[in-house]
There are 2 protein chains.
Amino acid sequence: MKFCSSCSAPVSLKVPEGDNRPRSVCDTCGAIHYENPKVVVGCLVIADDRVLLCRRGIDPRSGLWTLPAGYLETNETTEEGAVRETWEEARARVDIDSLYTIFDLPYISQIYMFYRARLRDGRFSAGEETLEADVFSERDLPWDKLAFPVVERTLKLYFQDRENDDFPIHSESIKKRPIRR
Amino acid sequence: MKFCSSCSAPVSLKVPEGDNRPRSVCDTCGAIHYENPKVVVGCLVIADDRVLLCRRGIDPRSGLWTLPAGYLETNETTEEGAVRETWEEARARVDIDSLYTIFDLPYISQIYMFYRARLRDGRFSAGEETLEADVFSERDLPWDKLAFPVVERTLKLYFQDRENDDFPIHSESIKKRPIRR
């Protein structure tokens with residue numbers, strides 16, 4: 001941020017009175033512009049005993065497999081956002097079971113939330129930012145071609161929990177940027 | 001948002017190509033400025049069998065009781081944010097047990113997350129934005145003077161769950177602005 005979105009004057013990084021960290025403060029009108037972490041929501045979609053994955057058509061990690069997910073919009077619930085992203089990326093209509101995993105990623109100021117869901121009518125296809133969509137059993141899953149650590153971790157937790165047929169909400173932090181192979 | 005924070009030119013609300021909802025788009029440099037929901041984090045602090053509440057010294061809901069909580073900052077985990085806010089608002093050092101409640105509040109584009117925590121050394125006092133801090137048993141709690149529905153709901157869930165000594169993570173949506181008494 002270089003300019004004030006309220007009055008167009010330049011902003012400077014400074015600690016506002018009564019605050020304890022630097023913010024973008026307008027040199028002219030005094031408006032304080034806060035930066036906040038973003039929430040990413042998505043679904044772990046189950047079809048029979050397989051999971052729905054999308055091969056990413058955009059960077060980062062284009063060509064690798066992910067769970068359908070994207071930024072939560074204003075005025076929607078995380079569940080609504082997860083259902084919307086699943087439609088946009090995998091053209092899949094789903095019924096939500098419940099919230100399943102929550103990840104803090106402080107190094108990129110993001111929070112990921114995945115819902116467990118069931119494919120409603122067996123239909124899916126590639127959305128605009130997806131190269132292909134497909135369903136995989138645990139054995140056939142492209143474990144070495146997954147796009148993000150939160151995806152791998154959610155899948156591992158799911159196959160573990162499935163053995164006990166018990167799916168509690170998992171909350172975890174991934175504190176460091178992963179090393180890319 | 002009236003002006004572009006990258007180049008200072010005026011912005012207009014329009015649907016960018018390949019998108020499906022209006023964003024603030026710069027008329028000159030084309031930068032798209034997204035607006036995202038915010039995350040609020042806090043603690044349900046237990047001291048013996050009582051809970052720590054803060055009486056708010058700022059609007060909204062000044063004078064009413066709340067759990068210590070505030071906006072998550074960039075580059076911190078939700079747990080770190082909850083601990084920080086508990087220090088800032090109630091001057092209390094805490095040990096976290098686990099994530100406890102998550103609320104979607106789409107009408108104000110916020111997500112609340114409360115952690116269960118234990119008071120470390122018995123000490124607490126009013127932070128800068130707090131009129132007073134105090135601990136309450138279930139019976140003595142100021143139920144009709146609580147600041148927010150997420151606070152009341154978290155407290156109710158806690159006293160229910162305490163009967164079974166089992167505290168699963170609860171995820172709920174509050175879809176409408178509450179009617180103020």
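Proximity of backbone amide H atoms, modeled 1.01 Å from N, is registered between residue B:44 and B:115, B:116, B:117 at under 5 Å, excluding neighbours fewer than 5 places apart on the same chain. Ordered by the count of other Cβ atoms within 10 Å of each Cβ, fewest first, A:1, A:113, B:1 give B:1, A:1, A:113. Sorted shortest first, the separations between the residue A:15 label point and its copies elsewhere in the assembly read 4.6 nm; each point sits 7 Å from Cα along the Cα-to-Cβ line. Ordering A:29, B:4, A:43 by the number of other Cβ atoms within 10 Å of each residue's own Cβ, fewest first, gives A:29, B:4, A:43. The alpha carbon radius of gyration of segment B:104-154, expressed as a multiple of 2.2 N^0.38 Å, is 1.37. By the count of other C-beta atoms within 10 Å, a proxy for reagent exposure, A:99, A:141 are ordered fewest to most as A:141, A:99. Take each residue in B:3-10, count the other chain C-beta atoms within 10 Å of its C-beta, and the mean is 5. Between 0 and 90 degrees, the angle of helix A:78-90 with respect to the longest Cα principal axis of chain A falls at about 60 degrees.
Bridge orientation summary for the protein assembly as shown: considering DSSP beta bridges with both residues in this region, about 70 percent are antiparallel. Helix A:149-164 and the longest principal axis of the Cα set of chain A meet at an angle near 40°. Among B:120, B:23, B:55, the largest mean-square fluctuation in a Gaussian network model of chain B (Cα springs under 10 Å) belongs to B:23. Its residues counted as N, chain B yields a C-alpha radius of gyration over 2.2 N^0.38 Å of 1.22.
The relative contact order of segment B:38-173 comes to 31 percent, based on Cα pairs under 8 Å that sit 6 or more residues apart.
For residue B:127, the residues whose amide H sits under 5 Å from its own are B:90, B:91, ignoring neighbours fewer than 5 places away on the same chain, with H placed 1.01 Å from N. Taking square-rooted eigenvalues a ≥ b ≥ c of the alpha carbon gyration tensor, is the protein assembly as shown rounded, prolate or oblate, where a/c under 1.5 means rounded and, failing that, a/b exceeding b/c means prolate? It comes out oblate by the Cα gyration axes.
We did not get these values from a lab; they are worked out from the coordinates using the rules stated. Model, not experiment: these values are computed from the prediction. Using ideal geometry, Cβ is built from the backbone for each residue, glycine included, and neighbour counts are taken over all protein chains shown.
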